[in-house]
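> Okay, handing you the structure first.
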Amino acid sequence: MACNESGLKKALQLVDEAKSKIQEAEKIFATERVGRPTIDNGIAIAYHEHGKLLDKLCSRKAQESYSNAKKWGYIDVVNQQIYSPLLGDMDSSNRRSVIHLAALAAIPSLSTAIRQDIPGWGTILPVSNGLAEVPPTKTYGIANHQDIYLQNSLNVEVVINKLRRQRLMDKGEEPYVMPRARRNLNTEETFDLTLDVQEFLKSDKKVFLLLGDSGAGKSTFSRALETKLWTAYQEDTNKSIPIFIHLPSIANPEQGLIAKQLRKFDFTEEQIMDLKSQRRIILICDGYDECQQTTNLYKSNELNQPGGWVVQMVISCGTEYIGMDYKDQFQPIDQNNCRVSNLFQEAVVVPFNKDQIQDYIDQYVSMSKSTTTNWSTDDYKKAFEDIPNLLELVMNPFLLKLAME
């Protein structure tokens, strides 16, 4: 087979880069030979594919890769494409899932070369659908990269839906009244907070800051928002994934915030990387003031930066915690490290009015009929009116809940 020298040189360089990635994975697992087929087969298949590509590139280095494949237990699979060894049993060690990326390193590297239109590449290796084409009579050790990507996406979707079911089961049953808010600390006109956040999520804005006094219902609203988004979620890669994070529960949220929360949900490193590169996140961060933060988490986590998470953030903070320049702690930052005010929105939760209090009482009595109370809605209403200053106090949702219980 005649080889174009220019194309060969570049192709071999890319294959060598792919090999270095495989060797990095090999170093990680060489001292951890725990007999897991997923790990051994992953490295073995990667080396075997590396050797086949070198063969097609007229390189004498192929035998070395074939030998390495055998060392890791490579077994030929004749006349079929098989990639299940790379994708099975990924639910144990997060660190070990690195192998699944390393094992595929040879294929994406060469695909990149094809996309870059390397001179002479077509004479070295036939191309079909943007990937190196191997005659169907050959033995395969790995599947079409597009098939692997699809399978990875499906596997991640299974984990996402498991998380969805878990979060919806954990929400519990308690009265919920739609809160109202005002645009900022200096305005009085109120609006429906739920509708306002829905409009935010349809926009190109990136950060929604939810302010409010202690007990005003910021956390309750944040959890209700997550529930609403999960309820509406469909198995669609264009659908954003809601992730609720109680910030005090995360160590050092200034870095790796989303990945840390996903690990708590039992996502593997590979699944996290797939989400990061392919999916959009609605990040609901609750309790900024509770963890005594002063850092701009949007900036420190490099959200919506090249190679970073694609995110819309809803973050809550108590009004008693903020200072004069509080927006600096929340406004989005662009690639030039400049604040972008038009991507920022805020709202301040306001106390319940009498109609909202009545709505809460009605829900509470309806839910409690068979359990904890014999009081009617009128009994509660009369008690609130008869006890001095109590009606004013229970305009705070948290105090209302305490008074009802």
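The values are calculated or read from the model by the stated rules, or taken from the named source; none is laboratory data. Just so you know, these numbers come straight off a predicted model, no measurement behind them. With ideal geometry, Cβ positions are generated from the backbone for all residues, glycine too; neighbour counts draw on all protein chains shown. Heavy atoms of the whole protein, side chains included, go into the accessibility calculation; ligands, DNA and RNA do not. Shrake-Rupley method; radii C 1.70, N 1.55, O 1.52, S 1.80 Å.
> What distance in nm separates the simple spin-label points at MET178 and ALA232, each placed 7 Å from Cα in the Cβ direction?
Each label point is offset 7 Å from its Cα along the Cβ direction, giving 1.2 nm.
> Taking R0 as 30 Å, what's the FRET efficiency between VAL310 and LEU185 from their Cβ-Cβ distance, rounded to 0.05?
0.50
> Leaving ligands, DNA and RNA out of it, work out the accessible area of PHE221 with a 1.4 Å probe and give it in Å² to the nearest 10.
We get 10 Å² for PHE221.
> So if R0 is 30 Å, what FRET efficiency would ALA251 and ASP325 give, r being the distance between their Cβ atoms, rounded to the nearest 0.05?
Working from the Cβ atoms, E equals 0.65.
> Now a separate question. List the trypsin sites (Lys or Arg not before Pro) within region 300-371 that fall in a DSSP loop (any state other than H, G, I, E or B) and whose Cβ has at most 13 other Cβ atoms within 10 Å.
LYS369
> Here's something else I'd like to know. Antiparallel as a % of all DSSP beta bridges within region 216-345, to the nearest 5?
Looking only at bridges with both residues in region 216-345, the antiparallel portion is about 10 percent.
> Further question: As an exercise, use a Förster radius of 56 Å and the Cβ-Cβ distance of MET169 and LYS70 to find the FRET efficiency, rounded to the nearest 0.05.
After rounding to 0.05, the efficiency reads 0.70.
> With label points built 7 Å along Cα→Cβ from the Cα atoms of VAL158 and ASP192, find their separation and express it in nm.
Result for the modelled spin labels: 4.0 nm.
> Whole Å is fine, so just give me how far the alpha carbon centre of region 331-345 lies from that of region 349-367.
The two parts, judged by their Cα centres, are 37 Å apart.
> Compare the peptides 328-338, 275-285 by average per-residue count of other Cβ atoms within 10 angstrom and give them in order, highest first.
Sorting 328-338, 275-285 by mean packing, highest first, produces 275-285, 328-338.
> Ranked highest first by average number of other Cβ atoms within 10 Å, how do 253-259, 184-190 line up?
My ranking of the peptides, most packed first, is 253-259, 184-190.
> Using 0.36 nm times the number of residues separating LYS276 and ASN389, minus their current alpha carbon distance, what extension gain do you get?
Result: 35.6 nm gained on full extension.
> Quick check: the distance between the Cα centres of region 384-405 and region 181-233, to the nearest angstrom?
Answer, in whole Å: 24.
> Given 0.36 nm per residue, what is the gain on full extension from LEU399 to ASP266 after removing their alpha carbon distance, in nm?
44.3 nm
> How would TRP309, TRP375 rank on accessible area, largest to smallest, probe 1.4 Å?
TRP375, TRP309
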